[in-house]
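Undergrad: Dropping a structure here in structure tokens format, bear with me for questions.
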Amino acid sequence: MGKFERWRKSRETKASLAVLITAALLIETTAAVQYAFTAGGIRREAQNRAEAELKQTSLHIQNVTTAVEVAVDNMVWAIEKSLDEPDSIYTVLRRLVEQNSTIVGCGVGFIGDYYPEKGRWFEPYVFENEDGSIEVKQIGSASHNYLEASWYLTGLIADPGAWTEPYYDDAGARMMLCTYVMPVHDSKGRVVAVMGADVSLEWLSNLINANPIYPSSYNLMVSREGQILACPVESLVLQRNIYEAASEIYDTTANKVGRMMVDGKSGVETVMGNEGNKKYVFFAPIEGSSGWSMAVVCSDDEIYRGLHRIGVGLFLLMLSGMALMVYIMFRIIHGFNRLQQVRAEQERMGSELRIANAIQMGMLPKTFPPFPERDDVEVYGSLVPAKEVGGDLYDFFIRDEKLFFCVGDVSGKGVPASLVMAVTRSLFRSESVHEANPARIVEAMNSAMAEMNDSNMFVTLFIGVLDLPTGRIHYCNAGHCAPLLVGTSVGTLPVETNIPLGVVKDWKYVSQESIVSPQTLVFLYTDGLTEAENSQHEQFGEQRMFDVARKVCQDNEQVDIIQHMQEAVHEFVDGAEQSDDLTMLMVQYTKEQRQERLSRSITLPNDVEAVPRLATFVEGVAEELAFDSATTMNLNLAVEEAVVNVMNYAYPKDVKGNINIQACANDVRLKFTITDSGVPFDPTAVRDADVSLSAEQRPIGGLGIYMLRRLMDSINYEYVDGHNVLTLRKRLS
């Protein structure tokens, strides 16, 4: 190794080490920043969870207290109406307890000697036992002097009502209660009693400690005077206030939290627990008239426990990552050359795919309009592959005054599909060049493809043969989408589904036929149109396709239907990646009726002795149209060849039949229509004779049709309503 090479290697090594050190520092810095941001996010998450818990519990308690307040307010009126009948008060109270599951008991304490017959202490009380039964009794007595009870004294001055401080009831329900009290007035507006509805504190304790936001977190609730209503230490409930119990719950520094809760404030404070651990206290008042306040206490250790674990794991991962980076650096240097080779290979493959795309697209018709000399048909096609090469195809050509066209979709995508597409298109051309029945064309294609279908690929295909003079369309569908018919309205061409090509070798396909009215458009497409997806994976669908077609029909813009479809799909997918090849083909039958300038006909028997009459008929037509002698002779040869062929072969031996020859001419062309009712036979399906061979080498047949094609501009055959109809056309000079 030379000095320069060693220097270069040394410099590369130092540069690699510098990259590693820089990467390590960046990783450490990034980890520290991420740790800090994560810690802040966890703190905010804990606060959000605590605030949500406070709001949810507050709403629940508010609903309960409000329901009690409304119930008592509604029942005070009934009590005041029952003052003249004191015993009926029990009924009112019983109804209140039965109709309100939250109220465990309720009673009315009257002022002393209000009912002399009842004695000094009259306190009717109704409560629900543990078994659900309702108990009614009078609990006022010298041993239960409610006249000195805080709830009674509070109720005398409460306007309209107030919640008492929690207390233990030793005479009625015998449980820890909070009571909502309201004064009772007589007809003169004087306060004569206090009504109270008791709510058990047991449900409150169960509610606020039912779902702690962390396993070791807990909730507590205090009254407006600091009395503990609920907390995890049951011995503190109703026995201590929040100031005295602060040291037992967390520490003495939390006294200010208790004062803030009693003052009805909300917020979050950080305190130190007795074991030296940090705690967060989230607190807020309960909405409503109760004056209660609630706090959620969470441990710092538990909030950040997951983060601490992640931190340790992250540190170990970082060490492992550094070791891995050293290894990766050496592997990168080794793999760089390989990457260059792969890139070169990819560029080569990309170039080949672009060439394949050009070849594939070159196989499809791409000159539009394709038949500018014709006024009876318009054709336009479009194919947009999803990848460099695709599996869709369309094709069309005119032979013997018939437009042959097809649209197909190969299963799969990419290069395999493109190869099958090329084979399918070639088979369509090779079979339809000598066959006009679409079912037989499809059967021949299917047989050939099934024999070589080792990859189990198939092709959906629609083939149509449109007879341009009559507008009659023969077609065969092989598992493809039904074409649209767009004319004065929008509909679908009725099709037999059949099965795709290449699946079953000997499948018998069904040929169908219909009439296409002038100016009607046949729109063919592949499922890349209806299954085009947007970013939400919604499909374009048939309904949107029909909507576009109807709008095109209403705006009388049928010729632009492919452009409108492309614009609608582009707007729908809104930039989403194309998932399938998109192919569309439009065939519009545009034949116009022209005024005839000549119309003659002659009917001959199937006897060659009548041929001179035919010659006279043809010469008369040519003379009227001012044809020269050479053209007249060619017309005679062509018509005589076609008619003599019918005379000799259309009818069985010794069977008499007629042949009708009709000549019509407009300002563009002359047309001979030869009609017979003999055996169905399509002369245009016969292959042309190979005139390059000698007479001895050439097989019998095909020379007559060869001559007809050379002498006339076009020939056309149709079997209509039991008749062979052969049409010969010659354009006027």
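Undergrad: Within the range 561-596, take every residue that is under 30 Å from R731 (Cα atoms), of a type in the set (S, T, N, Q) and in a loop (DSSP other than H, G, I, E, B) and give me the one that is modelled with the highest pLDDT.
TA: T590
Undergrad: As an exercise: evaluate G362 against (1) free of Cβ contacts under 8 Å to residues at least 24 places away in the same chain; (2) in contact with a strand residue (DSSP E or B) (Cβ under 9 Å, 6 or more places away or on another chain); (3) closer than 29 Å to E443 by Cβ and give the number of the one condition it does not meet.
TA: Condition not satisfied by G362: (2).
Undergrad: Run K671 past the list (1) within 53 Å of the chain's Cα centre (by Cα); (2) modelled with pLDDT of 90 or more and report the number of the one that doesn't hold.
TA: Result: K671 passes all but (1).
Undergrad: When the range 551-578 is examined, which residues are found to be of a type outside the set (D, E, K, R) and in contact with a His (Cβ under 9 Å, 6 or more places away or on another chain)?
TA: Within the range 551-578, V552, A576 qualify.
Undergrad: Moving on. Here is a check on your reading of the model: is I463 at pLDDT 95 or above and over 38 Å from the mean Cα position of the chain (by Cα)?
TA: Criteria not met by I463.
Undergrad: Please specify each residue of the range 716-729 satisfying the condition of being of a type in the set (V, I, T) and modelled with pLDDT of 90 or more.
TA: Scanning the range 716-729 gives V725, T727.
Undergrad: Of the residues D560, D527, D547, which is surrounded by fewer than 22 Cβ atoms within 10 Å (Cβ to Cβ) and under 30 Å from E443 (Cβ atoms)?
TA: So the residue among D560, D527, D547 that is surrounded by fewer than 22 Cβ atoms within 10 Å (Cβ to Cβ) and under 30 Å from E443 (Cβ atoms) is D527.
Undergrad: Within the range 466-478, how many residues are more than 25 Å from E557 (Cα to Cα) and either more than 29 Å from the chain's Cα centre (by Cα) or surrounded by fewer than 19 Cβ atoms within 10 Å (Cβ to Cβ) (or both)?
TA: Adding up the residues that qualify gives 4.
Undergrad: Related question: Inside the range 490-520, can you point out the residues that are crowded, with 20+ Cβ neighbours inside 10 Å and either under 23 Å from R425 (Cβ atoms) or out of contact with any Phe, Trp or Tyr (no Cβ under 8 Å at 6 or more places or on another chain) (or both)?
TA: Those that are crowded, with 20+ Cβ neighbours inside 10 Å and either under 23 Å from R425 (Cβ atoms) or out of contact with any Phe, Trp or Tyr (no Cβ under 8 Å at 6 or more places or on another chain) (or both): N498, P500, L501, G502, Y509.
Undergrad: Looking at the range 67-125, which of its residues are of a type in the set (D, E) and in a helix (DSSP H, G or I)?
TA: Answer for the range 67-125, where residues must be of a type in the set (D, E) and in a helix (DSSP H, G or I): E69, D73, E80, D87, E98, E117.
Undergrad: Inspect all residues belonging to the range 145-157 and state whether any of them is buried (at least 19 other Cβ atoms within 10 Å of the Cβ) and part of a strand (DSSP E or B).
TA: No, the range 145-157 has no match at all.
Undergrad: Moving on to the next point. For the range 439-469, which residues satisfy the criterion of being out of contact with any strand residue (DSSP E or B) (no Cβ under 7 Å at 6 or more places or on another chain) and of a type outside the set (D, E, K, R)?
TA: A444, S447, A448, A450, M452, N453, S455, N456
Undergrad: Does V611 qualify as being crowded, with 17+ Cβ neighbours inside 10 Å and either outside any loop (DSSP other than H, G, I, E, B) or free of Cβ contacts under 8 Å to residues at least 40 places away in the same chain (or both)?
TA: Against the criterion (crowded, with 17+ Cβ neighbours inside 10 Å and either outside any loop (DSSP other than H, G, I, E, B) or free of Cβ contacts under 8 Å to residues at least 40 places away in the same chain (or both)), V611 does not qualify.
Undergrad: Any idea which of (1) touching a strand residue (DSSP E or B) at 6+ places or on another chain (Cβ under 8 Å); (2) at pLDDT below 90; (3) within 30 Å of N636 (Cβ to Cβ) is the one V552 doesn't satisfy?
TA: Among (1) touching a strand residue (DSSP E or B) at 6+ places or on another chain (Cβ under 8 Å); (2) at pLDDT below 90; (3) within 30 Å of N636 (Cβ to Cβ), the lone unmet condition for V552 is (3).
Undergrad: Let me ask you something else. Do the conditions hold for M272, that is, is it over 20 Å from A39 (Cβ atoms) and over 45 Å from the mean Cα position of the chain (by Cα)?
TA: It is false that M272 is over 20 Å from A39 (Cβ atoms) and over 45 Å from the mean Cα position of the chain (by Cα).
Undergrad: Okay, moving on. Quick check, is R600 assigned to a strand (DSSP E or B) and more than 30 Å from L529 (Cα to Cα)?
TA: Yes, satisfied.
Rundown of residues vs (1) within 39 Å of the chain's Cα centre (by Cα); (2) over 30 Å from Y114 (Cβ atoms), yes/no style:
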residue	(1), (2)
A31	no, yes
Q34	yes, yes
A52	yes, yes
H60	no, yes
D73	no, no
W77	no, no
E80	no, no
L83	no, no
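The values are calculated or read from the model by the stated rules, or taken from the named source; none is laboratory data. Predicted model, so just to flag it, every value in this text is computed and none were measured. Please note: Cβ atoms are built from the backbone with ideal geometry, for glycine as well, and neighbour counts cover all protein chains shown.
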